[in-house]
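This report refers to the structure that appears directly beneath it.
The values are calculated or read from the model by the stated rules, or taken from the named source; none is laboratory data. Note that the structure is predicted; figures quoted are calculated from it, not measured. For neighbour counting, all protein chains shown are included, and Cβ atoms are generated from backbone atoms with ideal geometry for every residue, glycine included.
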Amino acid sequence: MGGGSVRESLLYTAGMSEYREAYATLARVARALEDGEADLDRVLPLVEEARAAYGVVRARIEAVRAALGDDWEDEEGSAAEADDLDDEDD
């Protein structure tokens, strides 16, 4: 997140907060299901809660991947061009 606007910074911060909250929800639900804390009547609501949290986490990861993908592609392209130039010198 370099050189972005204040709006982008606020969106990034809000996204991180939502991501962290969803990740914590996933961890809590996983613990409850693994530890056997949830009775049978609570399993479906827990799974639904986890599914919603997973959607938030996945969307955040995809957004970061997409944002970084452009930078990584630029760096990989520059590295590939440098390798091609090195090969031409040999």
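When both residues are 6+ apart or on different chains and their Cβ atoms are under 7 Å apart, which pairs have a first residue that lies in the range 33-49 and is surrounded by fewer than 13 Cβ atoms within 10 Å (Cβ to Cβ), and a second that is part of a loop (DSSP other than H, G, I, E, B)?
Matching pairs, first to second residue: none at all.
Return the total of residues in the range 46-69 being of a type in the set (Lys, Arg) and at pLDDT 95 or above.
1
From the set of residues in the range 30-57 that are of a type in the set (Gly, Ala, Ser) and in a helix (DSSP H, G or I), which is farthest from residue 17 (Cα to Cα)?
Per the stated criteria, the residue is 32.
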